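Engineer: Before I ask anything, here is the structure I am working with.
The values are calculated or read from the model by the stated rules, or taken from the named source; none is laboratory data. Quick caveat: nothing in here was measured; it's all calculated off a predicted structure. Cβ placement follows ideal geometry from the backbone for every residue including glycine, while neighbour counts extend to all protein chains displayed.
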Amino acid sequence: MLLVRSVLALLFTAVALTPPVELSAQAAAAEVVATVDAYHSALAAGDSVTALSLLADDVTILETGNVEDKEHYRSGHLSGDMRFAQAVPRERSEITVQVIGDAAFAWSTSVTQGRMGEREINSQGAELAVLARVDGKWLIKAIHWSSRARRAP
């Protein structure tokens, strides 16, 4: 009887200390959102070092019909993205995340309104980011942006 109680106590302890899979998925999703948010915050702050650190070395960036690797983005498009993020306010919807093991998909929509130089901006956008957990840290492996002018109500 003592052996049965000991085994049951051990099992109950193991179950109590094992986080439910749902909580682990929720924690991973929150980390993914934090990574995407940190990337956009870095762009808006003009912090290229942080922005680039959140991109995997083999990242693929799809924007305006082009495909860029990290070096191409660093030497070209990144500075424009930072200027744009600093100049034009953007309201993003909640990020939806799907985590599959060490990979995640995160997508959202946004409305961007303001001025960039002489240009009036009023656009609806969508973003899809694919992330991978590398050494316990989520990195953006691919990101795709699309946008269009908003239609008058």
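Engineer: Being β-branched (Val, Ile, Thr) and in contact with a helix residue (DSSP H, G or I) (Cβ under 9 Å, 6 or more places away or on another chain) is true for just one of Ile95, Ile100. Which residue is that?
Structural biologist: It is Ile95.
Engineer: What pairs come up if the first residue lies in the stretch 49-60 and is surrounded by fewer than 16 Cβ atoms within 10 Å (Cβ to Cβ), the second is at pLDDT 95 or above and part of a strand (DSSP E or B), and their beta carbons are under 8 Å apart, counting only those six or more places apart or on different chains?
Structural biologist: The qualifying pairs are Asp58/Lys141.
Engineer: Being of a type in the set (Gly, Ala, Ser) and touching a residue at least 24 places away in the same chain (Cβ under 8 Å) narrows it down to one of Ala29, Ala38, so name that one.
Structural biologist: Details: Ala38 fails: touching a residue at least 24 places away in the same chain (Cβ under 8 Å).
Exactly one of Ala29, Ala38 is of a type in the set (Gly, Ala, Ser) and touching a residue at least 24 places away in the same chain (Cβ under 8 Å), namely Ala29.
Engineer: Scan the stretch 110-119 for residues that are assigned to a strand (DSSP E or B) and either touching a residue at least 60 places away in the same chain (Cβ under 8 Å) or out of contact with any Gly (no Cβ under 8 Å at 6 or more places or on another chain) (or both) and jot them down.
Structural biologist: Those that are assigned to a strand (DSSP E or B) and either touching a residue at least 60 places away in the same chain (Cβ under 8 Å) or out of contact with any Gly (no Cβ under 8 Å at 6 or more places or on another chain) (or both): Gln113, Gly114, Arg115, Met116, Arg119.
Engineer: Something else about it: Pick from the stretch 104-140 the residues that are buried (at least 18 other Cβ atoms within 10 Å of the Cβ) and touching a Leu at 6+ places or on another chain (Cβ under 6 Å): which of them is nearest to Ala51 (Cα to Cα)?
Structural biologist: Ranking the qualifying residues of the stretch 104-140, first place goes to Ile140.
Engineer: Surrounded by fewer than 13 Cβ atoms within 10 Å (Cβ to Cβ) and in contact with a Lys or Arg (Cβ under 9 Å, 6 or more places away or on another chain): does that describe Gly101?
Structural biologist: The answer is yes for Gly101.
Engineer: Specify the residue that is nearest to the chain's Cα centre (by Cα); the eligible residues are those in the stretch 86-97 that are crowded, with 16+ Cβ neighbours inside 10 Å and at pLDDT below 95.
Structural biologist: If we filter the stretch 86-97 for residues that are crowded, with 16+ Cβ neighbours inside 10 Å, which is where we start, we get 88, 90, 95, 97.
Now drop any that are not at pLDDT below 95, which leaves 88, 90.
Numbers: Val88: 20, Arg90: 16 Å.
Restricting to residues being crowded, with 16+ Cβ neighbours inside 10 Å and at pLDDT below 95, the top hit is Arg90.
Engineer: If you don't mind, another one. Give the stretch 31-70 a look and list any residue that's closer than 22 Å to Gln86 by Cβ and among the acidic types (Asp, Glu), or say none.
Structural biologist: Asp37, Asp47, Glu63, Glu68
Engineer: A further question follows. Looking at Ala25, is it modelled with pLDDT under 95, touching a strand residue (DSSP E or B) at 6+ places or on another chain (Cβ under 8 Å) and of a type in the set (Gly, Ala, Ser)?
Structural biologist: Criteria met by Ala25.
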